[in-house]
Amino acid sequence: MSPIKVCILRIEGTNCEQETFDAFLELGAHPEMIHLKELTPETLLEYQCLMIPGGFSSGDYVRAGAIFAARMKSRLFSALKKYVEHGYPVGGICNGFQVLVELGFLPRLSDHPEACLATNDSARFECRPTLLKLENHCAFTQKMDIGSIYEIPSAHAEGKFVSPYIEELMENGQAIFRYVNPQGEYAGYPWNPNGSQYSIAGVTNEQGNVFGMMPHPERAFHIYQNQEWTRHSSTAGGHGRLVFESVIEYARRL
Amino acid sequence: MKAEIKVELKEGVFDPEGENIKKALHLLGFSGVQNVKLAKVYTIEMDKEENVQEMCTKLLTNPVIHMYDIRKG
């Protein structure tokens, strides 16, 4: 069985590509860091998974992710659309989530954004571990359990998910992760770092193969990345590892 | 040719930056400040006619939270 090929897309200002690369590599996949200029509609099809990593692409000018999205749109929009329609998994972490929303790929395919990751209610960069409850499954969560709580760190200034179609998304089961407190209740600040509607931390499209989340699973890949790791007796990986394991498994079955 | 595009948050969209600025102004003693709203102004110079509205819908605004006003001159 040949390893699945993962394209980790970068432009100036992305800064989580190395951790994302390492996560896939460690799990036996074949990741490649590809600059947007190198990616063509033909070479895109060589990959079984496309990841947009976190960071501050193009300095977050205009809006977070807007310039990255505009550049993808100008060269690759129809190729990406086909890629998604074929069922290939496309993931966006943090800034990558903002890109997928600005691109009109999340919460559903559209020629204009149908949601926004707006400035945090606190108007500042929120950086700390967050607790996420898995609400529904998508291509990136099959190895996780619905109702379980996962600790994955957040680090963003623009992560407040708002959409005029929010009720529809909730009914469709497109909310994947929601911020909770240690008791597992949907709670306000500081548990919800940004003020997202319905405490949403991650969403998927209707087909479940495009997924974006604000917290960083690649920063919770190894148990020693957890702030309290010396207190755990477990030798299992960090919670974020399951996101990568899930999508590799999904891509393998395609 | 020149166009000035003002992008601001729609009515009813919470403006956390504006709120923070208001708080700071109050702390500086400007007790009469009631509300602060933030907007971005893009000044775009062109050497031929371009569709400025399309610039707004394709890059400069997100229709979920923004409204915009174009001034040509």
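Kindly indicate whether A:Pro153 is in contact with a Lys or Arg (Cβ under 7 Å, 6 or more places away or on another chain), modelled with pLDDT of 95 or more, within 21 Å of A:Thr20 (Cβ to Cβ) and not basic (Lys, Arg).
yes
Can you name the residue in the stretch A:164-178 that is crowded, with 20+ Cβ neighbours inside 10 Å and in contact with a Pro (Cβ under 7 Å, 6 or more places away or on another chain) and is also farthest from the other protein chains (Cβ to nearest Cβ) among such residues?
Looking at residues that are crowded, with 20+ Cβ neighbours inside 10 Å and in contact with a Pro (Cβ under 7 Å, 6 or more places away or on another chain), I get A:Gln174.
Give, as residue ranges, the strands (runs of 3 or more DSSP E) completely inside chain B that count at least 3 residues that are under 14 Å from the mean Cα position of the chain (by Cα) and under 24 Å from A:Ile166 (Cβ atoms).
B:2-9, B:66-72
Exactly one of these conditions fails for B:Lys23: (1) basic (Lys, Arg); (2) surrounded by 15 or more Cβ atoms within 10 Å (Cβ to Cβ); (3) over 25 Å from A:Ala66 (Cα atoms). Give me its number.
Exception for B:Lys23: condition (2).
Here is a list: B:Ile65, B:Ile70. Which entry is at pLDDT 95 or above, within 13 Å of chain A (Cβ to nearest Cβ) and surrounded by 14 or more Cβ atoms within 10 Å (Cβ to Cβ)?
B:Ile65
Quick grid of which residues meet (1) in contact (Cβ under 8 Å) with a residue 40 or more places away in the chain; (2) within 14 Å of another protein chain (Cβ to nearest Cβ); (3) part of a helix (DSSP H, G or I):
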{"residue": "A:Met51", "(1), (2), (3)": "yes, no, no"}
{"residue": "A:Gly59", "(1), (2), (3)": "yes, no, yes"}
{"residue": "A:Ala64", "(1), (2), (3)": "yes, yes, no"}
{"residue": "A:Ala70", "(1), (2), (3)": "no, yes, yes"}
{"residue": "A:Lys73", "(1), (2), (3)": "no, yes, yes"}
{"residue": "A:Leu80", "(1), (2), (3)": "no, no, yes"}
{"residue": "A:Gly87", "(1), (2), (3)": "yes, no, no"}
{"residue": "A:Gly92", "(1), (2), (3)": "yes, no, no"}
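Checking the structure you have, find out if any residue of the stretch A:127-137 is surrounded by fewer than 23 Cβ atoms within 10 Å (Cβ to Cβ), within 24 Å of A:Ile248 (Cα to Cα), more than 10 Å from chain B (Cβ to nearest Cβ) and touching a helix residue (DSSP H, G or I) at 6+ places or on another chain (Cβ under 8 Å).
No, the stretch A:127-137 contains no residue that is surrounded by fewer than 23 Cβ atoms within 10 Å (Cβ to Cβ), within 24 Å of A:Ile248 (Cα to Cα), more than 10 Å from chain B (Cβ to nearest Cβ) and touching a helix residue (DSSP H, G or I) at 6+ places or on another chain (Cβ under 8 Å).
The values are calculated or read from the model by the stated rules, or taken from the named source; none is laboratory data. Computed from a prediction, not measured in an experiment: that's the story for all the values here. No Cβ is skipped: glycine too gets one built from the backbone with ideal geometry, and neighbour counts run over all protein chains shown.
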